Amino acid sequence: MSNGSGPEPAGTSGGETPQGTAREPSVEPVVGVVGGGQLGRMTALAGVPMGLRFRFLEPKSPSPVDWVGEVIRGRYDDPAALERFGHGLAVATYEFENVPVEAAQFLERETTVHPAPAALEMAQDRLREKDGFTRLGIPTNPYRAVETRQELEAALEELGRPAMLKTRRMGYDGKGQARIVESGDLEPAWQKLGGRPLLLESFVDFTRELSLVAVRGLEGEFAAYPLVENVHTQGILHRTTAPAPDLDPILQDQAEGYVRRLMDELGYVGTMAVEFFQVEGGLLANEMAPRVHNSGHWTQDGAVTSQFENHLRAILGLPLGSTEPLKWTVMLNLLGELPPVEAVLHEPLAHVHLYGKSPRPGRKIGHVNVVADSVEEALKVVARIEAAMPPGAGPV
Ligand code: AMP
């Protein structure tokens, strides 16, 4: 069996490598990951020391996973590619939430898939997501589904300004959004986003943004990392501080309660992140990600067990690792352009993580974790690294 563009899947016997030598069946379990971006790459980097091998389904070449496992080059909705990908896997998972639900269901006939496709369905549609939060008693800011211009006007009347208009599907990192502050903003917002199913939500005057990364095992066991503080620039995560400074323990309890409820409802297995707005009265859920998350990257160097390792432990039915933070960590995203790596490594407290992606304006191409005894110390190091960033770096 040859796909013509990638090596023989591991775990099958009697195959030929492109070099023509016989391939031994894998002695190690093979984990399949749909998607070949940086989250897949970092998952593999966490799993190889655990004796795991990885296979990815990824249409694009080159991709961040090219050197960390076998890559099946194929579209996510191509049954032949899915079949090749799924064959002989110990378990399949995904590293982004816009995997077609039908593809995940197709894979379920071939192998075990975690998290279950129901979580994808919820995360792919902002309306389902918000309805899910509401049904489960998880506070969220007021919202209305909008299809037509008349509905937009009526929803604005009800929710008031400022408000955020968002596409229900395929929005991420602040894309597919428009802010409506004054009446003159309505027309440009409609021109930009109209014609698709939309969601209008009230603008939240938040104190800060927090997120909770948690993991749920096969038997329903649950572990959560501390809430972290996120700073976004133009809708893209810029910096995470872990744990969130000056955190009221009540907020941690509330967040864990909400996320646990959500995971239990979905029968979720694996790592999940939920982003919150902190407001005067507590927390408002903004969105959930049914996967490892950028605001959990600090755990690679700053926690006993990383979010990636815990995701793998969960989906393989292994005991979960401790989610305790080691010290204080500040994670800085590297967008668009990289600083000189030596400038980062010159800082003894900094760990660099590059994704193997070519620089492009606004693109996430790496991150740095600075682990220190205090937030102030970590922020000083981050400021020095930011000063070394080339002029083209940052969001666009
Ligand atoms: P999202 O794609 O929904 O996570 O939005 C990206 C970022 O835009 C959030 O992290 C916030 O910084 C900002 N944002 C999104 N929705 C709202 C809102 N309703 N009120 C205030 N800020 C928002």
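Which helices, counted as full DSSP H runs in the chain, have an axial Cα extent of no less than 20 Å and a Kyte-Doolittle average of -1.0 or above? Intermediate values should be presented prior to the final figure.
Numbers: long enough: 249-266 (26 Å, -0.53).
Helices meeting the criterion: 249-266.
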If each Cα of segment 149-279 is one equal point scatterer, what is log10 of I(q)/I(0) from the Debye formula at q = 0.19, 0.21 Å⁻¹? -1.09, -1.16
Given the rule -39500 (n - 2.57) for each run of at least 4 DSSP H residues, summed and divided by the residues of the chain, what is its mean residue ellipticity at 222 nm, to the nearest 500 deg cm²/dmol? -8000 deg cm²/dmol
R0 = 41 Å: FRET efficiency of S183 with I250, Cβ-based, nearest 0.05? 0.55
Determine, at each q value in 0.26 (inverse angstroms), the log₁₀ of I(q)/I(0) that the Debye formula gives when each Cα of segment 30-113 is one equal point scatterer. -1.36
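For the ranges 245-253, 48-56, 364-372, 339-347, what's the packing order if you count other beta-carbon atoms within 10 Å of each residue, average per peptide, and put the highest first?
On the way: 245-253: 12.7, 48-56: 18.2, 364-372: 22.6, 339-347: 14.3.
Those peptides, ordered most packed to least, come out 364-372, 48-56, 339-347, 245-253.
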Relative to the present Cα-Cα distance, how much length would full extension add between E265 and E147 at 0.36 nm per residue of separation? 39.6 nm
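Does segment 105-149 come out rounded, prolate or oblate by the C-alpha gyration tensor, with a ≥ b ≥ c the root eigenvalues, rounded set by a/c under 1.5 and, if not, prolate when a/b is larger than b/c and oblate if not?
Working: a/c = 5.23, a/b = 1.95, b/c = 2.69.
Oblate is the answer for segment 105-149, as a/c is 1.5 or above yet b/c matches or exceeds a/b.
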Segment A80-S374, length gained on full extension (0.36 nm per residue, minus Cα span): 100.7 nm
Most fluctuating residue given options S322, S183, S211, as computed from a GNM of the chain linking Cα atoms under 10 Å: S183
Give me the lysines in straight-line cross-link reach of K175: C-alpha distance below 22 Å, same-chain residues under 8 apart excluded. K60, K130, K166, K192, K357, K364
Across all Cα atoms of segment 310-380, Rg and the largest Cα-Cα distance (Dmax), in Å, are 15.1, 41
Alpha carbon convex hull of the chain, projected area averaged over orientations, nm²: 20.2 nm²
For the chain, which whole-number percentage of the solvent-accessible area (1.4 Å probe, protein heavy atoms only) is attributable to carbon and sulfur atoms? 51 percent
What whole-number volume per residue, in cubic angstrom, does the convex hull of the C-alpha atoms of segment 142-202 give? 70 Å³
Among Y172, Y76, Y143: highest mean-square fluctuation, GNM of the chain, C-alpha pairs under 10 Å: Y172
Give me the percent relative contact order of segment 208-387, please, defined on Cα pairs under 8 angstrom at least 6 residues apart. 21 percent
What accessible area per residue, rounded to a whole number of Å², is obtained for segment 142-202 using a probe radius of 1.4 Å? 55 Å²
Based on DSSP, what percent of beta bridges with both residues in the chain are antiparallel, to the nearest 5? 80 percent
Give me the accessible area per residue for segment 208-387, probe 1.4 Å, as a whole number in Å². 37 Å²
Distance histogram for segment 237-334 (every C-alpha pair counted, 5 angstrom bins, percent rounded to whole numbers): 2, 12, 20, 26, 23, 13, 4, 0
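Mean separation of Cα pairs under 8 Å and 6+ residues apart, divided by the residue count of the chain: what relative contact order is that in percent?
Values: 886 pairs, mean separation 49.6, N = 396.
Dividing the mean separation by the residue count of the chain yields 13 percent.
I want the local charge near K380. Using Cβ-Cβ distances under 13 Å, sum +1 for each Lys or Arg and -1 for each Asp or Glu among the other residues.
Result for the neighbourhood of K380: -4.
The values are calculated or read from the model by the stated rules, or taken from the named source; none is laboratory data. In this text the structure is predicted, and so the values were computed from the model without any measurement. Here the Cβ is made from the backbone with ideal geometry for all residues, glycine too, and neighbour counts use every protein chain on show. Please note that ligands, DNA and RNA were not included when accessible areas were found on the heavy atoms of the full protein model with its side chains. Shrake-Rupley method; radii C 1.70, N 1.55, O 1.52, S 1.80 Å.
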